[in-house]
Every structure is written in structure tokens, then in C-alpha cells.
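The values are calculated or read from the model by the stated rules, or taken from the named source; none is laboratory data. None of the values given here were measured: they were computed from a predicted structure. In this analysis, Cβ positions are derived from the backbone assuming ideal geometry, glycine residues included, and neighbour counts consider all displayed protein chains.
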Amino acid sequence: MVGMRLGGIDPSILRELSGVYKPFVKAFKELISNAFDADADRVAVTFSDDFSTITVDDDGAGMTLFEFRNDFTRIGGGSRRWAGEKTRKGRPRIGSKGIGFLALARYCDRLRVRSSAARSFVAKFQLEQTPGSIDVRTTLGIPLENNLLNDRMKCVVLRAGSKRSKLEEGIHINWNRARTRLKVLNDVGPVDIRLSFDCSGLGFEAVLDFHRLLQLADSADLEALDDFATVELYEIADEGPVGTRIVVEQLKSFVRTELRSDRRKGFVRNVASRSGLEQFLWYLSRSTPIPYKLPQGGPNPQVADLLGAAGQMTLKELQVCHGSSPESLRRPIFPFEPDTLLISPDLLISVDVDEPGVMAKGFIAGCQSVIFPAEYRGIAIRVRGVAIGNPGFLGAEYLLTGAQKAALSQITGEINILSGLDAVDTLNPGRESFYEESDQYKILRRHLVGEGEQVGGCLGRTIAAVLRRSETKSALADALGRAAFRRRALEDVSAAVTHLIATADKSAAAIRKMLKSQRSDVNGLPSTGDFELEPPLRIGGMPVVQERGLSKPYEVDYIKGEVRLDTEQAGWNWTLLLFDRRFTIVNKKGGPNLPIAEVDHKRSQIYVNWGHPIKLQMDERGFLRTALALVLSKEASADDTSNMMDLLLKLMSFSTHHDG
Amino acid sequence: MMAKVVSAKTLIASHLTKQDRVLLINPPVVETRYSWIRWNQPLDLLKLASYLRSKVGCEIHLLDYMQPDKEGDVPQEWLPKASRYALVGDEKYPMRRFGRSHKFLKDWLAARKTKERGGVPTQVWITSLCSYWFESISETCRVVRQEMSDAKIVLIGQYARLTPKHAAEHCVCDLVVSKTPNLIDLPAALDLYKEPPPFVAVQLGSKSAIGDIKAAVKRQIVQVVFFGEDMCEKDGDSLSEIVEATERQHRRLRFHIICGLQPERLTPKIAKLLARKSFAQFHFEQASAGDGLNVEAYARARRYLEEAKLKLPDERISGFVWIGRPGDNLERLIRNTLTVLDHCGSIILKPFSPTPGEPAQLDHAEYLEAIKPHRWSPHFFPFSDLNGITRTEYHDLYRMAAFLNEKVHNHAFDFLNGTLGTQMLRNSLSREVWNLEPSPLRITD
């Protein structure tokens, strides 16, 4: 291996730039991005058992040593060369700033790169003054042996200008014996020199010693820079598989410790509580250009259409292996998680931005409960398939308070930027965030969260949908709860009467006699106004429709905007079964001087006076039970006070529930 | 209108058609204790289901409130505070509901009411294992009537059969079946259980026993419980035939005999059968001779078991001892307890309840008039006052039995002073009154 100087890099700058990528997974993903840019379809990542090395193999276009030196390890210049460019396969290139190779500098001691490509390197430059000479090896910048130069290099020298006649060797130009130095013999004016080097059948292995590089940064020993990168060339006997292998060697101990860390014990919900390797894989799958984990018969297939997934280019496979069988990564998003409930259409907001400068597709979804894992909360934005920073709310969270802010924990989203917002001047170097002053970013933000001090846009609509559900649920629980509570009073009285008869209580005979009665000597209660205890007309702002035969006590149709209540179920039933006789409870708003309740045996109705003063002393359930117990014990006892009191106490105290 | 008392034949002929949807219910039980709860399976309903399917062809469903949950436990809950304690004599008995609550029925019904799941049952048949459990049957009838106002409610089982008039007057039902056909040979419709129950109940002498066991094994049910009056009938051939035909169906298949095994009817052949590993437990009924025990029968049974290479005491074996019968004498009870313990190695006290129409009830009809039928539960010792033995004394016998069962393995014991019962026990032990042969039991006090 021989040292290779990487063009003009100050180690201290290298050190600063390497700190841009945090944490480790965000640095590592740069290797995957590079493989994507190299038109790889498949990338395999293999961890050693002790996590000391990671090997990344891809089946992309590979690199010549020249491409390695001039592209892979070139600081800057990348923006001029890559911005807006596509790969040979037409993929929008991810790498644009030309610092990706430094990403891992802080996390490992060495990076070993092995690759080859059956391509030629062509360098064109001008010699302005003739006669003159150039040193080919210095110009190429690669430590090539003479025999390789002689065998593979071709050189064409042309007069610059309109004539462009070729200069002939032996007449105008000469080589030294080793053919490493070219001399232009005469004054022929400026000349254009075209050097081409055939790299087919030539592979290389380069080692970037980051450990040494960062030490050099401390000592500012530029002279020793040659040793930072070393390279070895070798002939490839036959056309083997193309691609590149990169081995990250000697991962730092803190990285290994993190990868080895165990999952937290007990019940865990968030990604942060998983094992180190699980977290690494999760974040890697969220930040690299791989296909979505589309559900096969799983939840929320409708979301896939909103992602614009079909129009995006991704790797075909990203496989990761540690120890046991390899795992093929897919990009997870919350709606596709196996246990996720179906996202109702009113909670699923489509994002479709198509304005000059920005095109984006995706969705924002509200969920019916707090989202776990918590890492799914927020809107993930991707440029060229790579996540920009962590999911967030574009600053809207600072504008919200109270219930609206709380609703954010139930919101997730995924936006794919199809064009715009991928220029170098819109993304910060580590691709962690956007430059907020960028016009394209402002357009996107306006669509997603609106403008000004109120949160609007797609996020605003999602928050409104989440809150509407929450309010409806709360109102329903209140209405149903009160109805069920009242119903319990009827159940208790019904059960009490059955129990007394079944166990042949001393009051049983009197009760039986009462139940056979056909008397109808009620007084003023039946003619008073009704007391409404029926289902409310509106719940959560939506009209209530009464139905029968629903599979649940209620259904809420947020699209149509109505609440359907099954009035046969739960607490809307006002029939009272007293042993073998059925009565209907009729709720009245009588005056305080009217009886608490009256029984019309003929019509099988019991009138309950909700205007009775006793109502003020107790809740609905207690009042209903008291009213029924009083009137029934009075009816059954035929004015025998002690029997009446005895029966009243039994009816009041009997309960079918523990909170009775 | 009071319910009609009919026979099953009339019910099926006149009140049931192919269009009916019949729901069979094994209701919950309200009791102060229920030791044998894990063996509660409505075999009558399961055979009835087979009968109705073949004779009528109507739709059948089963709701077994007593079916164990996934953990193998039967749900149970204390009654609400206001009705938790039953006052019987001077004793306060805490009462529990054994089995699911009526939410079980309501949830099932709510699911049925939707168009996709089919219609509401047109008839609901409620069974009963004991006539004194009618409180919960009455409540179940009420809930059914409330939730399914148009369904016909039919009471079957022991309560309906033994006290049809009481059932008709005290429960909200339409029909009370006082006579059921003999369904012993029909298969048990175990497929009515969506989740397989933990065991299959089999009637000895039933032609369908082998088929029922095989069908159960297919559903991974490997516990078989035998019911019958006489496990030793036909010199054990009935039992042996079933065991031979099914024992190899599953390597974990286990047989349980919890009733009907008379010591005096045991033969060496039957003893050899019972000694097999496939028998998980068997309990001897009390062998009586006059007022006392047939000790010879116990000794012989023990000998046969030992000849079959069973070493007593064996945790699989025990003997029942009746307590609470009319005419109980405390000293005799203690003596019986110790005798059975000595021969069987373990005792289970079996409290007594009078069965309507049987001699114990008929002979003491006047005495029992004063006791409400729902207090005839054996755990309330209905004959306590008649016998002059307090309920506290009877409860003490339970404690003693538990104590003795534990200590017999240690061949030594000491126990509390206190009641007359314990004092008499000490005296008896001192005099070894039960002892016909040398006993391993010795007092260390």
C-alpha cells in the first residue's frame, strides 16, 4: 500500500466537517446514500459479532481509483458537480456537498474501500505556455507504477484554438524514458492535453485512516498527510461481480457499547427503549432510500397511494445481518404497523403540493389515541428518499397550547419532496434541517402549517379532526354513562322484586298481589309535562340518529357527521320487569307537591316525578331507585306502615352491582 | 301467568319447531362454597343438544356461564355488600357468585342482534344441577326475560325435575320440564363450545362414552370425568371397556372418578384398573353398615389396591365421609373420619342436603318445612338443629379433616384444644377407638 494525498485538505477542517453527522446511524447512512448514488440495487450490511466492524457491499457501478480520489473523497466541489444531476440510471443523486466520506471519521478508526469499474478516466487540461512539460503522475494524483502507466494510458496533445492540430511525438512532443513526463518541444502556443487511463480489469483497495487524520489535526502536521490515505492497485483476473465493498473498521467503543445495549426490561413502547441494534436498524430504515413496508393485507393500504411511492426510486434491497439470518429492511411508517387501527378518512389529510419550485406528496394522519412508539409522532419529510432530520411539526408546536398541543401526540405524517428543496442552498450540510429562509421551504411550510400565529394548513385540519373526535367521545361517554347509570336503578329494583318472590320473603305474597292489580287510580302526575331523559338530539355537534340492531351501543360517522345510537341497548330502555309483569317508566316534571311516583296498573306504567324535592338530595340513579322503591312498597303494603318500611328497605338496599 | 309443567316429550312435540333458535344456558351459581366447581359441565344440555339436532333440526347455541377462562379458573365474585351474607342460624355465610356475570349473556345477545350474526333465540332452556340453587336460576330467568322478551323460557335439570311446582311459581318462565327422556346413549355435543372445555364428562354405561372421549381428544381435551351411580357395575367391565378403548388416544389422557365408587363393590380386577397411571384420582363413597361403617369393605378395598401395587397413602385416592345427615352423632362422625382416613389415606367430608322426594326429605318433611328451600344447601347444614350439632362444630370437622389430611403423612400430629369436637377427637385418638389393626397414627402430645 502506498500513501495517496487527498487534495489539499486541512485536517482541522476535516475534523470540523466530520462532526456534522450525529448520531452514528446518520453518519452510517451516508454509505447507503453513496451506494444508491452508485446505482446499486442491493446493499448488504454485515456486523461482526462484537460490533467492531461493519461491512457494506453494494452491487452498484463501482469506482475506479480516480473516481475514489476525485469524487468519493473530494471535499466541496461536489455541489458544482452534483447539484440537480442524476445517476446513470436516472436517480436523483443524494450526495451533493461532497463531505459524505467524512461522516464516519469520528466513529471508527479506519475505512477500507475496495472497488473496481471497467471505465476509463479522462483528464483534460491546458498547457498555456510552450515549450513546457508536465509530470503525468503528479497531474493524475495517483501513485501509479510505470508499467501501469505505459500499458493503460493514452495521451493526445492538440494545439489549442480553432485549428486543433495534433502534435506528433518526436516532432513536437517527447516523453522521458519512463513515460512519466511529457515535454512540448516547440513554441506552438497553448496546447490541450487529453490523458485517458483505462481502468478496466484494475481494482483498488484504499484505506482511510481516520484515527491518524484526527491525530494530525491536533498536531497540524500537514507533511504527514500522505499517510492518512493509502491505496493498493491490483489486476482483476476476470470480470467478477461489480460493486463496492466498504469496511468500517474498529468502531469506537462508545458506538459498540450503544449497539450492544439491551432492550429495556418490562413493557416498552418506544424505539428508544429497544436494544441498541434495533434502534440502529429502525433509524436506518427510516432515513435511507428503501421501499416502504407496504402492508400485505395489513392496515391502511389507502395510505400507500398518498405517498407517491410509485414515482420514487429506491434501492431494491437493503439487507442487514448480525449473527443470525439477514433481515431485509423496509421503511416503516406508523399507519403500516401491524397493530395500528384503520385510519378513518376524516383523520387522513392528503398533502399534495404542486407549486412553482416545490412538488411534494404525502399525508398527515390523526390517530384515535396517543401514538406509540413516540418516534412516529411528527411529520417526516424526505428529500430524494432520505429523511431530513427527525419528524417534527415545522415549529407549529411552539404556537399551540392546551388541547391543540396535546393533540400533536396523536399526529404522524410522511411527506416526499418530489422536486425543489433538494438544492444545496435549502438543506444544511448534514441534511438535518432546511434553511428556513429558502423560498421553497416557505411554500412547503405554508401548505403544511399555514402562516401567521394560528396553525392552519394540513396540520391545522388534522388537529381539528383529532379534537373533534375527542370531544365527541367525551360527550358520548357522558350521555351513555348517565343512561347506563339510570338503567342500573331499574335493574336493581327488578332484581330485588324477583329475589323477594323467589326466596318467598314475607313480602312476596303482597308483591304478587300488587302485580296482579289492574287499578288505575293515579292523580295529577300523568297530566304534567314530560321530563326529557331521552337520547340527546346532538352529540359533539353532530345530530343523533336513533337506530336498532347495531353491533355496538353507538356508531359515529365522522364523514357523514352523525351519531347513531342503538336505543334498544344500554340505558335507553325504560321498561321495568317486575317478576312476570312489564311496566314502562314515564318520566314527568311534576310540581314539588305531587307524589314522587304513581303506578297505573291498567296501563302498566309508572310515572316518576323528577320535580320532587327529594331529587335535589341525590343523583339520578339514587332518585330513580328511591322513587320506585317508595311507590312499589306503598302499593304492595296496602297502607300497612311497618310492612311498607320493611319492603322499602329491602328494595332500597338490594343491588346487582358492587357500587350499589 | 304461572308457568306450565310439561314433560320433555310434550315440549318438543308441541312447543318446538325446526325454525326455532334454542339457546341452552348453564347458569351461574350463588353459594357460600363450591369445592367441585372445576367439574361443572352441563352434560344434560350437551346430550339434549344432540337430541334436538337429530329430532327437530333446530338451531342450537350454548352459553355455559361455568366454563373456565383461559387460565383454567371459573370466574367468581363476592355478591354486592347488601346481599353478601346469608344468615343461617347463628352463622353468617359469605356468598359468592360462581360463574360469569349476566354481562356474558348481554354481550352475546348484542352480537347476535346484528343482521350479520343471526337472530335472537326464540327459546331459552336453563338447566340446574341442584334444586337449592334456584335463586340464581330465578335471576337468570329474569335477565333472559328482560333481554329477550319474546323468547320462551324453559327450565330443565334437577330443579325443574324435583320441584316443578316451586319452579313454576318462583321463576319467570314459560315451561318447566319435569320429565326428560333418557339421553344417556346420545353423544355430547362438545362442538357447542367455541373454546374447548378443560375436560369431558362421561356417563358410565353410555354407549357414546368412547366416541365422546375420542371426539374430545381431537380437540386436545385430555381430562375425562366419569359420572354414574356404580363405577363397579358389571364387575368393572363398563369402566374397563372405556379405558381400554381410549387410554392410548393421547399420552396425557387422564381419568377422574369423583362419585359412584363403592368400596364394598371393589374387586381385584377393578383395583388393578384403578392402579394404572392414567387414573388421576378416584374417591370412595362411604360404605355404611347400619349406623356405622363397613370397615371390612374398606380393609378389603385397601388390600386389593395394595395387591395392585398401589402404595397407600396415595394422593390420588381418598374416601368420602358424610356429614350433616339426619341422625348425625359427633363421636361417630369423628370415628368414621378416622377410619376412612386410616384406610384411604385421605378424607373428603361430604356435606349432606336432602333431595326432594328422597327418604331423608320425606321422613323429615315437617322439620324441613321451617327451612326455606334456598337454605337447603349442604353447606348450611340444614339438619344441624335436628342433630343437635352446631354449625360451628360441623365447620370444625372441616378444619380437622384438612389438618388430618396434612398430618397423616407425618405420622404425628398435635392440634388445638377448644370445642367439644376437638376434645372428643383427642379422647378417641387416645383410646384409638377406630383401631382394628395397628395403625401408623400415633399421638405425640
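Quick check on my filter: what residues within the range B:201-210 are in a loop (DSSP other than H, G, I, E, B) and touching a strand residue (DSSP E or B) at 6+ places or on another chain (Cβ under 7 Å)?
The first filter runs over the range B:201-210 and keeps only residues in a loop (DSSP other than H, G, I, E, B), leaving B:204-208.
B:204, the sole residue that qualifies.
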### Filter result (surrounded by 13 or more Cβ atoms within 10 Å (Cβ to Cβ) and closer than 22 Å to residue B:112 by Cα) within the range B:57-76
B:58, B:59, B:60, B:61, B:62, B:63, B:64, B:65, B:66, B:67
### Query
In the range B:77-120, what residues are within 14 Å of chain A (Cβ to nearest Cβ), surrounded by 16 or more Cβ atoms within 10 Å (Cβ to Cβ) and part of a strand (DSSP E or B)?
B:86, B:88, B:96, B:97
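Counting just the residues of the range A:485-509 that are surrounded by 16 or more Cβ atoms within 10 Å (Cβ to Cβ) and of a type in the set (Gly, Ala, Ser), which one comes out nearest to the other protein chains (Cβ to nearest Cβ)? Break it down stepwise before answering.
If we filter the range A:485-509 for residues that are surrounded by 16 or more Cβ atoms within 10 Å (Cβ to Cβ), which is where we start, we get A:485-503, A:505, A:507-508.
From the residues that got through so far, the ones that are of a type in the set (Gly, Ala, Ser) too are A:489, A:494-496, A:502, A:507-508.
Numbers: A:489: 14, A:494: 7, A:495: 6, A:496: 9, A:502: 4, A:507: 14, A:508: 9 Å.
Applying the filter and picking the extreme gives A:502.
Return the residues of the range A:579-597 that are closer than 30 Å to residue B:168 by Cα and not β-branched (Val, Ile, Thr); say none if nothing qualifies.
First, pick out the residues of the range A:579-597 that are closer than 30 Å to residue B:168 by Cα: A:579-585.
Once the filter is applied, which keeps residues that are closer than 30 Å to residue B:168 by Cα and not β-branched (Val, Ile, Thr), the range A:579-597 yields A:579, A:580, A:581, A:582, A:583.
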### Message
Tell me which helices (runs of 4 or more DSSP H) are completely within the range B:124-200 and hold 2 or more residues being within 14 Å of chain A (Cβ to nearest Cβ) and among the basic types (Lys, Arg), or say none if there are none.
### Response
B:134-147
### Task
Please specify each residue of the range A:103-151 satisfying the condition of being under 27 Å from residue A:209 (Cβ atoms), of a type in the set (Val, Ile, Thr) and in a strand (DSSP E or B).
A:113
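Using the structure shown, decide if residue A:512 is closer than 30 Å to residue A:578 by Cβ and either part of a loop (DSSP other than H, G, I, E, B) or within 14 Å of chain B (Cβ to nearest Cβ) (or both).
On the way: closer than 30 Å to residue A:578 by Cβ: yes; either part of a loop (DSSP other than H, G, I, E, B) or within 14 Å of chain B (Cβ to nearest Cβ) (or both): yes.
So residue A:512 fits the description; yes.
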### Task
For residues that are in contact (Cβ under 8 Å) with a residue 40 or more places away in the chain, closer than 18 Å to residue A:484 by Cα and outside any strand (DSSP E or B), tally how many sit in the range A:559-574.
5
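Residue check: is residue A:455 in a loop (DSSP other than H, G, I, E, B), aliphatic (A, V, I, L, M) and within 19 Å of residue A:347 (Cβ to Cβ)? Please lay out each step first, then the result.
On the way: in a loop (DSSP other than H, G, I, E, B): yes; aliphatic (A, V, I, L, M): yes; within 19 Å of residue A:347 (Cβ to Cβ): yes.
Spelling it out, residue A:455 is indeed in a loop (DSSP other than H, G, I, E, B), aliphatic (A, V, I, L, M) and within 19 Å of residue A:347 (Cβ to Cβ).
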#### Entry: The lone exception for residue A:91 - which of (1) among the basic types (Lys, Arg); (2) at pLDDT 85 or above; (3) surrounded by 15 or more Cβ atoms within 10 Å (Cβ to Cβ) it fails
(2)
### Message
Would you confirm whether or not the range A:249-265 contains a residue that is farther than 22 Å from residue A:377 by Cα, assigned by TED's automatic domain parsing to the domain that holds residue A:55, assigned to a loop (DSSP other than H, G, I, E, B) and touching a residue at least 24 places away in the same chain (Cβ under 8 Å)?
### Response
yes
### Message
Go through the range B:364-385 and report how many residues are touching a Pro at 6+ places or on another chain (Cβ under 7 Å), farther than 18 Å from residue B:30 by Cβ and assigned to a helix (DSSP H, G or I).
### Response
1
### Task
Being hydroxyl-bearing (Ser, Thr, Tyr) and more than 10 Å from chain B (Cβ to nearest Cβ) is the filter; apply it to the range A:565-584 and report the residue that is surrounded by the fewest Cβ atoms within 10 Å (Cβ to Cβ).
A:584
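Here's a check for you: in the range B:361-381, which residue that is closer than 23 Å to residue B:292 by Cβ and buried (at least 18 other Cβ atoms within 10 Å of the Cβ) is farthest from the chain's Cα centre (by Cα)?
Of the range B:361-381, the ones closer than 23 Å to residue B:292 by Cβ are B:363-364, B:378, B:381.
Then keep just the ones that are buried (at least 18 other Cβ atoms within 10 Å of the Cβ); that gives B:378, B:381.
Values: B:378: 12, B:381: 17 Å.
Here the residue is B:381.
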### Query
Applying the selection to the range A:300-333, what residues are surrounded by 13 or more Cβ atoms within 10 Å (Cβ to Cβ) and either assigned by TED's automatic domain parsing to the domain that holds residue A:50 or more than 30 Å from residue A:55 (Cα to Cα) (or both)?
A:300, A:301, A:302, A:303, A:304, A:306, A:307, A:308
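Looking at A:413, A:362, A:395, A:385, can you tell me which residue is within 30 Å of residue A:57 (Cβ to Cβ) and in contact (Cβ under 8 Å) with a residue 40 or more places away in the chain? Lay out the reasoning, then the answer.
Values: A:413 fails: within 30 Å of residue A:57 (Cβ to Cβ); A:362 fails: within 30 Å of residue A:57 (Cβ to Cβ); A:395 fails: within 30 Å of residue A:57 (Cβ to Cβ).
Testing whether each residue is within 30 Å of residue A:57 (Cβ to Cβ) and in contact (Cβ under 8 Å) with a residue 40 or more places away in the chain leaves just A:385.
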### Summary
Restricting the range A:623-652 to residues that are within 14 Å of another protein chain (Cβ to nearest Cβ) and touching a residue at least 60 places away in the same chain (Cβ under 8 Å), the one surrounded by the fewest Cβ atoms within 10 Å (Cβ to Cβ) turns out to be A:650
#### Entry: Test for residue B:386: is it under 19 Å from residue B:297 (Cβ atoms), of a type in the set (A, V, I, L, M) and in contact (Cβ under 8 Å) with a residue 60 or more places away in the chain
no
### Task
Report whether or not residue A:482 is in contact with a helix residue (DSSP H, G or I) (Cβ under 8 Å, 6 or more places away or on another chain) and within 14 Å of chain B (Cβ to nearest Cβ).
no
## Note on the structure
Matching residues in the range B:354-377 (β-branched (Val, Ile, Thr) and in contact (Cβ under 8 Å) with a residue 12 or more places away in the chain) number 1
#### Entry: Residue list for the range A:531-550, restricted to those being within 14 Å of chain B (Cβ to nearest Cβ) and either under 22 Å from residue A:471 (Cβ atoms) or out of contact with any helix residue (DSSP H, G or I) (no Cβ under 7 Å at 6 or more places or on another chain) (or both)
A:547, A:548, A:550
